[in-house]
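Peer 1: First the structure, which I've put down as structure tokens, then a few questions once you've had a look.
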Amino acid sequence: MEPQRGFNIRQFWHSLMERMWIVVLCVLVGLFIALGYLARTPKTYQAHAVLEVEFQEPSFIPGEDTALRMRSMFLASQEALRTIEQNLTNRAMLSRVIRSEGLAEDGGVALLGRNASSDATQPSPPPTKASRSQPNFEAGMTFTPLEEALAGAVSGMVHATIRRGTRLIDLNVTNRDPVMAQRLAEAVGREYIRNSIERRASFSQEALRYLLEEEERLKTNLQKSEAAVADYKANTPDALQLGGGTTSTGSQSGSGAGAGGTRGGIVEDKLQELNNKLTAAKTDRLRLEGELDQIVKAGDDLDALLAIPSISSAVLVNEARHNVTQIEADIATLSLRYKEKHPKMRAAQASLQEAQQKLRQAVDGQPAILRNSIDQARATEANLQTAIHDQEGTAVALNKAAIGYQELARQAETDRALYESVLKQIKETNLTKDVKANAVSIAEHSVLPHQPVSPIPSKTIVLGLLGGLAAGLAFVFGADALDRSLKTVDQAEAALGLPVLAAVPETKSRDAKPGYQRNSDASDSEAGHAAIYRLVNEAPGGPIAESFRNLRAALSLLGPAADRKIFLFTSALPNEGKSFTSVNYALALAQQGHRVLLVDGDLRRPSIHKIFRTGPGRKEDFPGLVDYLVGEVPLKNASRLMATFDSETFGGAFARPGTGQTGQLFTLAGGQRAPNPAELLSSDCFKRLSIEASSLFDRIVIDSAPILAVSDTLLMAPYAQTTCIVVRANKTPRNAINRALSLLKAANNRPAGVVLNRLPRRRGVGYYYYYASHGYGDGKGSYSGEYSRSKRKSGQSSNGETAAGSKLGPAERRS
């Protein structure tokens with residue numbers, strides 16, 4: 001079985017049930033803390049107002065304006081809403097609210113309530129020049145330190161939030177006084193709008209003042225530039241022949257330009273016309289020269305010559321071709337009626353030859369005409385080239401004269417455009433400077449709050465309870481995570497990978513049989529302690545005795561009886577309950593009718609002689625295991641009969657057949673103290689003991705020493721057929737148990753299982769199957785029922801045993 005990993009909810013549930021009182025205590029503490037918070041925290045009220053932001057500020061000026069469009073784009077952005085949201089809690093703006101509402105006149109008592117400081121309650125003196133803070137240039141106001149301090153207090157009360165996907169801003173103001181909360185909510189929204197209007201009006205006044213100053217300066221410049229243009233025109237009139245140059249610079253037409261002038265002036269237009277004619281003449285000449293080359297290449301080929309455009313378009317050639325075509329058509333008509341030698345056919349053939357000859361003559365005369373046309377084109381080009389050269393000289397001279405004029409004309413046009421633009425802005429600003437419009441408006445006014453928003457009793461109590469519950473659960477989880485012990489059967493099996501053969505409940509003093517018999521020489525404490533160690537005999541009807549019967553049944557099912565005769569009980573650490581388990585398991589085997597030998601294998605701290613002691617405590621008067629191992633006494637003399645169990649105890653029908661129907665318990669105490677227990681056990685003496693005891697007894701139960709304390713158990717383990725490790729619930733660390741299991745595995749002895757000892761007696765989920773319920777089977781023949789009562793009435797059984805069916809005492813019988 002692999003150890004279980006991760007979070008085990010069942011284990012956590014068991015831990016929660018064990019420490020439920022801690023969770024309840026934490027919940028109660030959380031409740032008291034919540035109630036204390038409600039009692040000490042003053043109530044606060046919240047007023048709510050809604051502001052709406054328009055995409056475009058209201059305007060009374062018709063038409064489109066770039067500045068207005070840019071302002072609209074900004075207001076439609078998320079940055080504008082964020083800016084307005086932050087400005088609503090600005091210290092300077094809140095200081096304006098303090099001054100406008102007069103909240104500093106009483107030292108802030110009305111604003112802050114009774115908890116205002118004594119200094120603040122004193123009336124503030126009139127603000128002097130020395131006590132004023134730095135001026136607020138945006139609003140043109142200065143504030144006293146008290147007003148700024150109160151503004152800082154109000155900033156913690158005011159919260160502005162943008163509604164997602166809208167142009168609305170929620171303005172929330174909290175205060176102990178509901179009237180003051182409503183007053184502040186209204187004042188903050190109203191003061192922000194007023195501040196925005198004042199800032200815009202101040203900006204308009206500054207802009208208007210600047211525009212007026214700029215208008216005077218531009219007017220003077222315009223007058224100077226226009227006078228310079230007029231003087232230049234008077235001194236240099238020939239510059240107007242090029243059109244002045246204003247249109248060529250891309251400026252507005254008509255201001256300082258020559259009337260009716262084209263882009264380059266008269267001279268430039270004529271030069272452009274000559275260039276166009278020269279280009280056309282060159283094109284015609286090149287075309288004619290190309291056709292002449294085609295004629296030379298064609299030679300006498302009439303068809304090729306007729307394909308040349310200049311020849312095919314000639315008048316004589318076209319007439320000759322038309323005659324040839326007409327005669328060919330007449331011949332085709334006559335051939336339908338006459339033969340080739342007919343006089344009419346011969347006359348037609350003669351006419352055709354004459355027409356073709358004329359066509360040849362017309363074609364042959366075209367090259368001369370073409371050469372004449374080429375000579376004329378060359379002459380025309382030369383004349384145009386000369387005219388262009390003359391015109392270029394004239395244009396250069398006039399352009400030099402017009403450079404100064406064009407520069408003066410552009411400057412005058414620029415000054416005029418700037419002056420007209422400033423005049424337009426002055427008119428618009430003068431119209432809008434007194435308009436009290438703003439993009440922010442109050443969409444919903446604040447109402448007087450009637451219910452406090454903090455603290456909310458139900459919410460505070462629930463949070464306190466949940467906080468206490470969370471703290472309790474966290475404490476339980478942390479304690480469970482830090483606790484490395486084993487608490488339940490499931491947890492032990494999952495962590496160790498071994499089956500839990502039995503779960504023994506916690507032992508209590510009332511579990512001992514009230515009527516146990518003790519020797520008069522033994523003290524009450526010693527007798528009570530010994531009786532608790534023998535609960536299978538002293539309280540056979542109890543849950544602990546039943547758990548050892550479960551252990552007896554579980555071990556009997558592990559294999560054949562011959563292979564399960566020697567049982568070794570050990571533990572990882574001392575005080576785990578291995579001696580208690582060994583004694584009661586041996587008693588349970590004896591009650592079943594077996595001859596059982598209980599060996600005290602813990603040579604360092606033997607305890608079996610104390611558990612079964614009925615006389616004065618002198619264990620050295622009796623031989624034990626050490627005496628046998630050193631060879632001083634035989635096993636028969638070293639073992640002592642401690643209890644016998646009659647078959648009448650089991651009603652006669654349950655006695656083991658073939659054994660005389662009597663169970664016996666023998667003990668082999670530790671004997672004298674051994675100076676070297678490990679060396680003594682490492683010899684073959686213990687092996688001889690196991691062989692001899694197996695031949696004399698039905699079962700041998702060995703109570704060994706803790707594995708991690710000494711090495712004695714590892715020396716005994718190879719001779720034990722069944723090894724059980726005892727684990728104390730809620731105490732033994734897992735790492736110690738795993739270390740002990742590793743040592744046993746190294747000794748080639750894997751434990752058969754685990755006995756979970758001293759399990760807490762709790763009822764509920766997870767514990768019901770660990771031990772029998774109290775009183776189960778009373779009056780129905782159980783160990784503590786009517787049969788035991790009838791035995792107690794008879795006083796003694798047939799062989800003189802006690803009513804419980806056993807006789808514990810210093811019997812001197814030897815087997």
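Peer 1: Find the Rg to Rh ratio for region 148-230, where Rh is the Kirkwood radius over alpha-carbon pairs and Rg uses the same atoms.
Peer 2: Rg divided by Rh gives 1.40.
Peer 1: Probe radius 1.4 Å, ligands and nucleic acids ignored: give me the carbon and sulfur share of the accessible area of region 350-505 as a rounded percent. List each step's numbers first, then the result.
Peer 2: Numbers: 4910 of 8540 Å².
Answer for region 350-505: carbon and sulfur cover 57 percent of the accessible area.
Peer 1: Now for a separate question. Expected output is a single nm value to one decimal: the length gained when fully extending between LYS745 and LYS297, i.e. 0.36 nm times separation in residues minus the C-alpha distance. What is it?
Peer 2: Result for the pair: 149.3 nm of gain on full extension.
Peer 1: Explain nothing, just compute: Karplus ³J(HN,Hα) = 6.51 cos²θ - 1.76 cosθ + 1.60, θ = phi - 60°, for every residue of region 30-47 in order, whole Hz, x for Gly and Pro.
Peer 2: 3J(HN,Hα) across region 30-47, in whole Hz: x, 5, 5, 5, 5, 5, x, 5, 5, 6, 9, 8, x, 7, 10, 10, 10, 9.
Peer 1: Non-local amide H neighbours of GLU444 (under 5 Å, H modeled in plane, Pro and chain starts lacking H): which ones?
Peer 2: Those qualifying (amide H under 5 Å, at least 5 residues apart or on another chain) are VAL50.
Peer 1: Also, quick follow-up: Using label points projected 7 Å from each Cα along Cα→Cβ, tell me how many nm separate PHE203 and ALA709, to one decimal.
Peer 2: If labels sit at PHE203 and ALA709, their model points lie 9.1 nm apart.
Peer 1: Each residue of region 314-322 in order: what ³J(HN,Hα) in whole Hz does its phi give by Karplus 6.51 cos²θ - 1.76 cosθ + 1.60, θ = phi - 60°, with x for Gly and Pro?
Peer 2: With coefficients 6.51, -1.76 and 1.60, one gets 5, 5, 4, 5, 5, 5, 5, 5, 5 Hz.
Peer 1: Quick one: length gained pulling MET141 to ARG605 fully straight, 0.36 nm per residue minus the C-alpha distance?
Peer 2: Values: separation 464, 0.36 × 464 = 167.04 nm, distance 9.47 nm.
Result for the pair: 157.6 nm of gain on full extension.
Peer 1: Between ASN372 and LEU336, what FRET efficiency comes out of the Förster formula 1/(1 + (r/R0)^6) with R0 = 41 Å and r the beta carbon distance, rounded to 0.05? Display every interim value, and only then the final one.
Peer 2: Numbers: r = 46 Å, r/R0 = 1.12.
Approximately 0.35, to the nearest 0.05.
Peer 1: Then there's this: Over all alpha-carbon pairs of region 357-432, lay out the pair-distance distribution in 10 Å bins, whole %, shortest bin first.
Peer 2: 14, 16, 15, 13, 12, 11, 9, 7, 4, 1
Peer 1: With each label point set 7 Å from Cα along the Cα-Cβ vector, what nm distance links ASN735 and ALA280?
Peer 2: In this crude spin-label approximation the distance works out to 11.3 nm.
Peer 1: Rg/Rh for region 296-358 to two decimals, with Rh computed the Kirkwood way over all alpha-carbon pairs.
Peer 2: Rg/Rh: 1.09.
Peer 1: Next up: Can you give me the Cα centroid spacing of region 355-389 and region 293-352 in angstrom?
Peer 2: For region 355-389 versus region 293-352, the Cα centre distance is 26 Å.
Peer 1: So how much slack lies between SER682 and GLN353, counting 0.36 nm per residue of separation and subtracting their Cα-Cα distance, in nm?
Peer 2: 103.1 nm
Peer 1: Excluding ligands and nucleic acids, what accessible area in Å² is computed for GLU148 using a 1.4 Å probe, to the nearest 10?
Peer 2: 70
Peer 1: Which of rounded, prolate or oblate describes region 400-499 when judged by the alpha-carbon gyration tensor and an a/c cut-off of 1.5?
Peer 2: oblate
Peer 1: Using the per-residue mean of other Cβ atoms lying within 10 Å as a proxy for protection, in what order, highest first, do the peptides 374-380, 156-162, 328-334 fall?
Peer 2: Per-residue mean Cβ counts within 10 Å order the peptides as 156-162, 374-380, 328-334.
Peer 1: Still on this structure, I have one more. Using a/c under 1.5 as the rounded threshold, could you call region 655-735 rounded, prolate or oblate? The axes a ≥ b ≥ c are square roots of the C-alpha gyration tensor eigenvalues, and prolate needs a/b larger than b/c, oblate otherwise.
Peer 2: Here region 655-735 falls in the oblate category.
The values are calculated or read from the model by the stated rules, or taken from the named source; none is laboratory data. All of these numbers come straight from a predicted model, not from anything done at the bench. Every residue, glycine among them, receives a Cβ derived from its backbone with ideal geometry; neighbour counts consider all protein chains shown. SASA here: full protein model, heavy atoms, side chains in, ligands and nucleic acids out. Shrake-Rupley method; radii C 1.70, N 1.55, O 1.52, S 1.80 Å.
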